[in-house]
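Chemist: Below: one structure in structure tokens.
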Amino acid sequence: MRYCKNCGIRILDEAEICPMCSSVLSKVDLDDWPDTFKDPYPDVMKKRKHFSLVMRLVTFMVLAACMFSIFANYNFSPSFPWSLIVSLASVYLLWIVFLIYREAGYLTKIFAIVLGGVALVVVIDLTTGARGWSWNYVLPGAMLFVDLAFLILMLINSRNWQGYMILQILMILVALVPLVLILKGIVTHPIVSELAILSALLLFLGTLILGGRTARTELQRRFRI
């Protein structure tokens, strides 16, 4: 029997992924299942109400932080738009809270949090003088981090490794961004960007070649070819 630690439910078939939150299931012996957890279904409405309350509270705090920062910026230091950074950082915090409580797979959460963080850092760089450290180092560094996370998760979830191939293709498309920045001369220190592009390509090619027929079947199933 399979068990989802995130949802607190048991899955009676041999599925590897939770049908509710897409987390990797744990294997547990039915005889070891506690009597207090015999109900296979969680209290969904209670979880949704808790999520709604948390989101309303955090949204109010974010709006308050944005309004106070804009007020202080306008009245005390209008020469530098630091309130833009504070406001975007507050919105990013709201975005993280939303993703944590949202019923989505951990891969989606990782990708969305990293993408939002990179966007925030780029705005901070542009606001503070556009020195280029965000697109020279942070953007490709985040891509390397995501590729490494994919590799680790594939090794951990070895029975469903082929499910990561679509995300690998997505990372190759994302790698076009630093490639264009290099060609346009915007990236002045291209070594990290080149490593990020190479990493995305090698991860996908390695999965495709080492995966053999299973990898090719997965691509055919996904793209209907």
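Chemist: Under the rule that a partner needs its Cβ under 4.7 Å from the first Cβ, which Cys of the chain have none?
Modeler: So far as the 4.7 Å Cβ criterion goes, Cys21, Cys66 stand without a partner in the chain.
Chemist: Still on this model: Trp95: accessible area at probe 1.4 Å, nearest 10 Å²?
Modeler: 100 Å²
Chemist: Count the net charge of all other residues whose Cβ sits under 13 Å from the Cβ of Leu170, scoring Lys and Arg as +1 and Asp and Glu as -1.
Modeler: My count for the surroundings of Leu170 gives 0.
Chemist: At a probe radius of 1.4 Å, what is the per-residue accessible area of Thr214, in Å² to the nearest 10?
Modeler: Counting only protein heavy atoms, the figure is 70 Å².
Chemist: Put Met171, Met67, Met55 in order of accessible area, largest first, 1.4 Å probe: what do you get?
Modeler: The residues order as Met67, Met55, Met171, largest area first.
Chemist: Heavy-atom accessible area per residue, the chain, 1.4 Å probe: how many Å²?
Modeler: 63 Å²
Chemist: Using a 1.4 angstrom probe on heavy atoms only, work out the carbon and sulfur share of the accessible area of the chain in %.
Modeler: After summing per-atom areas, the C and S share lands at 70 percent.
Chemist: Here is a follow-up. Work out which helices of the chain, taken as complete DSSP H runs, extend at least 18 Å along their axis over the Cα atoms and score a mean Kyte-Doolittle of 0.0 or more, then list them.
Modeler: 44-76, 82-101, 106-127, 139-156, 191-223
Chemist: Considering only protein heavy atoms, what is the solvent-accessible area of Ser87 at a probe of 1.4 Å, reported in Å² to the nearest 10?
Modeler: Surface accessible to solvent at Ser87 totals approximately 20 Å².
Chemist: Measure out, as a whole number of angstrom, how far apart the alpha-carbon centroids of the stretch 85-99 and the stretch 111-179 sit.
Modeler: Their Cα centres are 18 Å away from one another.
Chemist: Pairs of Cα atoms under 8 Å, at least six residues apart: use those to get the relative contact order of the stretch 61-124, whole percent.
Modeler: Over the stretch 61-124, the number comes to 32 percent.
Chemist: Sticking with this structure for a sec: Suppose R0 equals 30 Å; then what is the FRET efficiency for Leu173 and Met55 from their Cβ-Cβ distance, rounded to the nearest 0.05?
Modeler: Taking R0 as 30 Å, the efficiency between Leu173 and Met55 is 0.45.
The values are calculated or read from the model by the stated rules, or taken from the named source; none is laboratory data. Quick caveat: nothing in here was measured; it's all calculated off a predicted structure. Every residue, glycine among them, receives a Cβ derived from its backbone with ideal geometry; neighbour counts consider all protein chains shown. To get the accessible areas, we keep the full protein, side chains included, count just its heavy atoms, and leave off ligands, DNA and RNA. Shrake-Rupley method; radii C 1.70, N 1.55, O 1.52, S 1.80 Å.
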